[in-house]
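Have a look at the structure below before the remarks.
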Amino acid sequence: MEDKRLAAVGRLLDVMDELRAKCPWDREQTFESLRNNTIEETFELTDAITDGDMDGIREELGDLLFAAVKAGRFLGLDSE
């Protein structure tokens with residue numbers, strides 16, 4: 001099971017690298033735009049929790065995870 005999780009994280013990092021390299025919009029992102037997106041996703045998560053929407057909770061947690069990993073990539077934490 002752990003191998004699958006590690007592979008999934010590897011795929012996430014690969015997707016993020018590809019987006020950063022090939023997507024003009026992604027290259028323009030900053031901590032400020034990440035901040036705004038993270039706030040929006042947090043509100044969407046709270047709505048899903050309030051509604052008891054398990055699929056929505058999973059989706060929004062994934063979006064928040066993506067934002068957290070992106071912030072780490074901005075800081076270069078993945079290279080340590």
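The values are calculated or read from the model by the stated rules, or taken from the named source; none is laboratory data. This structure is a prediction, so every number in the text was calculated from the model and none was measured. We place every Cβ from the backbone using ideal geometry, glycine too, and count neighbours over all the protein chains shown. Each accessible area value is taken on the protein alone, full model and side chains, heavy atoms only, with ligands, DNA and RNA left out. Shrake-Rupley method; radii C 1.70, N 1.55, O 1.52, S 1.80 Å.
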Report task. Confirm whether Glu60 is in contact with a helix residue (DSSP H, G or I) (Cβ under 6 Å, 6 or more places away or on another chain), open to solvent by less than 60 Å² (accessible area, probe 1.4 Å), part of a helix (DSSP H, G or I) and farther than 19 Å from Val9 by Cα. Result -> no
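So that you can scan it fast, the table gives a plain yes or no per residue for (1) in a helix (DSSP H, G or I); (2) modelled with pLDDT of 90 or more; (3) touching an Asp or Glu at 6+ places or on another chain (Cβ under 6 Å):
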residue: Arg5; (1), (2), (3): yes, no, no
residue: Met16; (1), (2), (3): yes, no, no
residue: Ala48; (1), (2), (3): yes, yes, yes
residue: Asp55; (1), (2), (3): yes, yes, no
residue: Phe66; (1), (2), (3): yes, no, no
residue: Val69; (1), (2), (3): yes, no, no
Requested in this report: Find the residue count for segment 19-34, including only residues that are open to solvent by 50 Å² or more (accessible area, probe 1.4 Å), assigned to a helix (DSSP H, G or I) and out of contact with any helix residue (DSSP H, G or I) (no Cβ under 9 Å at 6 or more places or on another chain).
Outcome: 3
Report task. Using the structure shown, decide if Leu13 is touching a residue at least 60 places away in the same chain (Cβ under 8 Å), in contact with a helix residue (DSSP H, G or I) (Cβ under 9 Å, 6 or more places away or on another chain) and open to solvent by less than 100 Å² (accessible area, probe 1.4 Å). Result -> yes
Query raised in the report: If you take the residues in segment 37-50 that are over 13 Å from the mean Cα position of the chain (by Cα) and either loosely packed, with under 12 Cβ neighbours inside 10 Å or of a type in the set (Ser, Thr, Tyr) (or both), which one is nearest to Arg73 (Cα to Cα)?
Result: Phe43
